[in-house]
Amino acid sequence: MFGDGVARGADVESLWRRDQGTRCEAKSCQTEEISTVEVAVQSHSSRDAGMQTDQSEESIQDLDLQKEAPVDYAGLLSFLQGVEDVVIKELNKNWISHAFDGFEVNWVDQNETVSCLHNLSYPEAQDQKLQVTSISWNATGSVVACSYGRLDDGDWSTEKSYVCTWNLDRRGLNPKCPDLVVDVPSSVMCLAFHPSQPSLIIGGLYSGEVLIWDTSRIEDPLIWRTGMTDDTHTDPVYQVDWLQDSKHSHHFQILSVSTDGKILVWQTERDGQLTLVEGFALVAQQIPRSMKLKKRTRGETAVGVTSLSFSHFDPSVFIIGMEGGYSLKCSTAVETAAVPRTGSSVPLKAPAQFAFSPHGGPVYCVSCSPFHRNLFLSGGTDGHVHLHSMLQAQPLISLQLSKKYLFSVRWSPVRPLVFAAATGEGEVQLFDFGKSSQKPAVSIKQASAQTPVYCIEFNIKQPQLLAAGDASGLLKIWQLSSDFIQQGPREMNHLEQLANEVTD
Amino acid sequence: MAEVEETLKRIQAHKGVIGTIVVNAEGIPIRTTLDNSTTVQYAGLLHQLTMKARSTVRDIDPQNDLTFLRIRSKKHEIMVAPGNL
């Protein structure tokens, strides 16, 4: 059954690589030969060249007429010869033509009436029966500030007063709630906003101090003050203004005018203090003798200055109005020293150069024309407005606008022949020399006949707005009709004619 | 050269003339009696307006051409005499 046997073993082929290797073939590959070429480069020649700009011989001019366009003189001559006759003929025709007389074109809708836009008031000031003493529009024309105080009071008072500002372009304008109220320890007599920075405003106080506020600071708007030093005014400050420094046009100084006869120029210092830089003093003996002073005054008596206006054409010339009824032409570029008085750290100069014929009472306002270098208006308590030329002492035109006092006159910033006057009868009268030289063009009744209007200001950026403040503490913003906003044709010529009526 | 100046002086001295500017074909002022910035402003603006006025006249009637252009404003009048180009 069982036998022995030998079985051949089973063979499995090896899978090892070595064994498999015998079945492999050797192959090789190689990249093709990279062809390379050797080349050498070197600059073999060089040259030095220099360049420089030459000093140009002719003066620097934006428009270099000789160089820019090579002028063909022959062509120019023939052109001019051909064209000259035509041009002269047209010029002659123009001079005698009546075709356009009285022809006026208006591009915008005309507004025929004067209307009151806003009645602004501050109830607390009205409760204290304070009056509006001064108004100022800011540099952008959208904010109006007014100061409260008393103008009919002759006494020193320690009554608190306010400076209030309203932004007329804001939607939520509340006429009874000013945007900013600044409490001031004494009556503020005058205000002036900075001509380019919209938030700085100066105020002159009854106590003789000058303060500067920054209306953008909410906590404490007061940033500079003169304090009560030997230099400050000893009488109420009736006018303040910003003076542009002739050397650095960004730098401004502050000017203040007071009835103690001094006109002082202040500089702002870092510690919040205003320091005196320059000053002018008016004493009776140094007033030009073209007018005799009626009263025998001692030569050194100070003469009170109540108003000041700088000329728009010559920044060193200014006109001042005095308590004695005179207007004087003065200059900042004088060298004569004022008759010495004690107590001033800076030597004071005597600025008066020419005296004009007087009013019957103190001159409360003078205003230089922005359109003619020689004309200015002065208004006094005799109710008269005088139109003066700086070249002669007698006025060119004298108008009686009111039986009571005149508190403010202002030239219109856009119409050379128009000015506005604030009367003691509660009216604002707008006068147009082009229409009638006897009676006002428009008479705006602001308040009752017992409440005088104390101050008016035109808005330079929005010339249809006129702000007027009266004795009842009310500030009214009037919108003027279109004929007060646009300059008419030939108005400047008419103004020139008026100014040339100077008698020799 | 002197005649050019004389002619210009005659025009400038005429009654009522405030300033005179002569402009070449490219609109560059070559003679002026006004200050530089005003001259450049007037030359640039009036050159464009004159070209426009001339093309308007010629579009309406190709045989026609602009002889004189006057711009009357509230304050003054600008008179433009074009050359032959």
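Some notes on this structure:
- Compared with the alpha-carbon gap, the fully stretched path from residue A:85 to residue A:438 is longer by 122.5 nm at 0.36 nm per residue.
- Cβ-derived FRET efficiency at R0 30 Å, residue A:253 paired with residue A:217, nearest 0.05: 0.90
- Exposure of residue A:365 as accessible area (Å², to 10), given a probe of 1.4 Å and all protein chains: 10 Å²
- Of the residues in the range B:65-82, those shielded by at least 30 Å² of accessible area once partner protein chains are present, compared with the chain alone at a 1.4 Å probe, are B:68, B:70, B:72, B:74, B:75, B:79, B:81.
- Cross-link table A:404/A:435; A:461/B:52; A:435/B:75; A:262/A:403, entries beyond 28 Å C-alpha to C-alpha: A:461/B:52; A:262/A:403
- Over the range A:131-281, Cα pairs under 8 Å with separation of 6+ residues give a relative contact order of 15 percent.
- Selection among A:500, A:53, B:76 by position relative to the dipole of the protein assembly as shown gives A:500 as farthest towards the positive end (Cβ unit charges, Cα centre).
- Charge-dipole axis of the range A:326-485 as Lys and Arg at +1 and Asp and Glu at -1 on Cβ define it, positive-most pick from A:389, A:464, A:347: A:347
- Heavy-atom accessible area per residue - the protein assembly as shown, 1.4 Å, Å²: 58 Å²
- Distance from the range A:401-438 to the range A:207-232 (C-alpha centre basis), Å: 33 Å
- With respect to chain A, whose longest principal axis is taken over its alpha-carbon atoms, helix A:73-96 is tilted by about 40°.
- Probe 1.4 Å, all protein chains present, accessible-area order of A:442, A:41, A:305, A:108, largest first: A:41, A:108, A:442, A:305
- Accessible-area composition of the protein assembly as shown, carbon plus sulfur, in percent [1.4 Å probe]: 50 percent
- Centroid-to-centroid separation of the range B:36-85 and the range B:1-29 [C-alpha atoms, Å]: 16 Å
- Buried accessible surface for the B/A pair, both sides summed and rounded to the nearest 100, is 2900 Å² with a 1.4 Å probe.
- Across chain B, C-alpha contacts under 8 Å between residues 6 or more apart give a mean separation that, scaled by the residue count, equals a relative contact order of 15 percent.
- Lys, Arg +1 and Asp, Glu -1 on Cβ, resulting dipole of chain B about Cα centre, debye, nearest 20: 400 debye
- Net charge dipole size for chain A [Lys, Arg +1 and Asp, Glu -1 on Cβ; Debye, nearest 20]: 2120 debye
- Think of the protein assembly as shown as having a plus end and a minus end, set by charges on the Cβ of Lys, Arg, Asp and Glu; of A:42, A:215, A:429, A:429 sits farthest toward the positive end of this dipole.
The values are calculated or read from the model by the stated rules, or taken from the named source; none is laboratory data. Quantities reported herein were computed from a predicted structural model and do not represent experimental measurements. When we count neighbours, we look across all protein chains shown, and the Cβ atoms used for this are built from the backbone with ideal geometry, even at glycine. Note: areas computed on protein heavy atoms with side chains; ligands, DNA, RNA excluded. Shrake-Rupley method; radii C 1.70, N 1.55, O 1.52, S 1.80 Å.
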